[in-house]
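The values are calculated or read from the model by the stated rules, or taken from the named source; none is laboratory data. This is a predicted model, so every value here is computed, not measured. Cβ: placed from backbone, ideal geometry, glycine included. Neighbour counts: every protein chain shown. With ligands, DNA and RNA removed, areas are computed over all heavy atoms of the protein, side chains included. Shrake-Rupley method; radii C 1.70, N 1.55, O 1.52, S 1.80 Å.
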Amino acid sequence: MSPVVRYAMEFPDRVPKERYFDPDFYQMEAELLWPRVWQMACRLEEIPNARDFVEYEFLDQSIIVLRTDRGVEAFQNVCRHRGVRIVQGRGTCESGFTCPFHGWCYGVDGKNTFVSQKRTFAEHNLQPDDIDLTPVRCEVWGGCAWINLDDDAPPLRQCIEPFATILDAWKVESLRTEWWYACRLPVNWKLAQEAFVEQYHVVETHPQLRIPSRYAPPKGAFDPRAYIDADIRYLQTMSDGMAGMVHANDVRIAEGLRDMELPADPALAVTAWERALNDAVLNRHRDAGADIPDFNDLEARGLNEPMGYCFPHYFVLPMYSSASSYRFRPLGPEETLMEIWSLTRFPEGEDRPRPTPPEPWECDDPRWPPIPAQDFSNLPRQQKGLHARGFEYMRLSERAEGHISNFERTVDGFLAGLPYEKLLPALQSINVNPLEMPIVDLGFR
Ligand code: FES
Ligand SMILES: [Fe+2]
């Protein structure tokens, strides 16, 4: 590893605290990480029709993401005259964009179509191609548009495997927004994500989830009725706690199976229950005309993962018919914008409203559902705690918190300027289910 990365991960199970607040480290991320990665720029349902656009901002950059007749395209959101941002927020453009300052115009293909008082400019300042909007790489996957400022980066799909294959099997592209919230967190963006990628915190932070069905196999004398009751209680508690993820409809479907007969053998009983619930959810949604995967088939193929992680800032947590999805963006060394989508399935072809970005709430806003509220309650205390003079580094459990190490070391790979042939294997070993991931060898330190 290049010695220029100050506060690099010298030991895989220790994270130097400065990574979460040092302004120079943050600056290195701004220059060497964010401009080289595929970022989830918007959900496609935000731009359902040709000429719909949204502005995607990260750090001090702003990108126009535009649906065209050809697909989805992106441009730097800056007028080639004197640098005004062409659009703000979102909208639908008739025939292109007009800069609000002096009225230069750009078509939906980004080409400059009008310069007022053209003859007052020297010819060298109005060279064709040199006055068009600057294109940005944009690709579509999983119901979202993704952008990358780096022309040399490998294609999206390569950078986000095996996440993409697993979530394709989940038919993630047909999920739609039920709600979308945003939180302004007074913490570093890496700290924010790291609160959601391990299960070690669940017992202490979310005591209501201490339900012995999902987290502990049945012990002692097995009572099938008690097992079903506990599992339905777990599903209900998750559903209430996330205001989704396990959709209320799926909980009702489970309720409808409450009296089913289960074998006396615990292992057979658990399998029989899970299979029956999977089939019931599948059939209900298929009958309603929704595009939905066969969960038993996912299970058989080893793709029934509860969480998909996509470096550097996007997660999907699928549960039965529905999912939660998170995105994180830095607003400063110690400030993060975290968004949560609750996604579900609707009958194919059903018109859904175009989702609009939420006003961020503070992390202690009483409107947060209970589970994120509990996670948010720890984060500002942790960010403050990191500054303690007596505290040097986080110590990670190498089995329960391995993803945090893998993630932080992948960040270091970008900061060291490693080439993509080194970074790709690292990306492909962290773009998986991060829960319970051990520390892995990334091929570099
Ligand atoms: S800055 Fe856009 S037209 Fe002048
Ligand atoms: Fe949590």
#### Entry: All positions within the range 133-152 that are open to solvent by 10 Å² or more (accessible area, probe 1.4 Å), aliphatic (A, V, I, L, M) and in a loop (DSSP other than H, G, I, E, B)
LEU149
#### Entry: Any chance GLU335 is open to solvent by 60 Å² or more (accessible area, probe 1.4 Å) and within 23 Å of ALA254 (Cβ to Cβ)
no
### Message
If ASP297 meets every condition in (1) under 19 Å from ASN433 (Cβ atoms); (2) touching a residue at least 24 places away in the same chain (Cβ under 8 Å) apart from one, which number is that one?
### Response
(2)
### Task
Please note which strands (runs of 3 or more DSSP E) are completely contained in the range 1-108 and include at least 1 residues that are over 30 Å from TYR393 (Cβ atoms) and touching a residue at least 40 places away in the same chain (Cβ under 8 Å).
39-43, 52-58, 61-68, 71-76, 90-92
### Qualifying residue in the range 370-381 (condition: buried (at least 20 other Cβ atoms within 10 Å of the Cβ), in a loop (DSSP other than H, G, I, E, B) and touching a residue at least 12 places away in the same chain (Cβ under 8 Å))
no
### Query
Considering the range 1-53 alone, what residues qualify as being among the polar types (S, T, N, Q) and open to solvent by 20 Å² or more (accessible area, probe 1.4 Å)?
SER2, GLN27, ASN49
### Summary
Of TYR215, TYR181, the only residue that is within 16 Å of ligand 2 (Cβ to nearest atom) and either modelled with pLDDT of 95 or more or buried (at least 19 other Cβ atoms within 10 Å of the Cβ) (or both) is TYR181
### Task
Return a yes/no flag: does the range 387-397 have any residue that is acidic (Asp, Glu) and out of contact with any Asp or Glu (no Cβ under 6 Å at 6 or more places or on another chain).
yes
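Quick one: how many residues across the range 191-206 are charged (D, E, K, R) and either within 16 Å of ligand 1 (Cβ to nearest atom) or within 13 Å of the chain's Cα centre (by Cα) (or both)?
The number of residues fulfilling the criteria is 1.
Out of the range 382-412, which residues are assigned to a helix (DSSP H, G or I), touching a residue at least 60 places away in the same chain (Cβ under 8 Å) and not hydrophobic (A, V, I, L, M, F, W, C)?
GLN382, GLN383, HIS403, SER405, GLU408, ARG409, THR410, ASP412
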### Query
Within the bounds of the range 155-162, is there any residue that is assigned to a strand (DSSP E or B), of a type outside the set (D, E, K, R) and touching an Asp or Glu at 6+ places or on another chain (Cβ under 8 Å)?
no
### Message
Looking at the range 358-373, can you tell me whether even one residue there is within 16 Å of ligand 2 (Cβ to nearest atom), farther than 29 Å from ARG157 by Cβ and basic (Lys, Arg)?
### Response
no
### Message
Take the residues in the range 163-172 that are assigned to a helix (DSSP H, G or I) and open to solvent by 30 Å² or more (accessible area, probe 1.4 Å); name whichever of them is farthest from LEU424 (Cα to Cα).
### Response
ASP168
### Task
Any chance you could count how many residues in the range 93-132 are modelled with pLDDT of 95 or more, under 19 Å from LEU66 (Cα atoms), among the charged types (D, E, K, R) and open to solvent by 70 Å² or more (accessible area, probe 1.4 Å)?
2
### Query
Can you tell me which of PRO358, PRO366 is out of contact with any Asp or Glu (no Cβ under 7 Å at 6 or more places or on another chain), surrounded by 12 or more Cβ atoms within 10 Å (Cβ to Cβ) and either basic (Lys, Arg) or part of a loop (DSSP other than H, G, I, E, B) (or both)?
PRO358
### Yes/no for VAL203 being part of a helix (DSSP H, G or I), hydrophobic (A, V, I, L, M, F, W, C) and surrounded by 13 or more Cβ atoms within 10 Å (Cβ to Cβ)
no
### Query
What residue, among those in the range 416-429 that are surrounded by fewer than 22 Cβ atoms within 10 Å (Cβ to Cβ) and in contact (Cβ under 8 Å) with a residue 40 or more places away in the chain, is farthest from LEU191 (Cα to Cα)?
TYR420
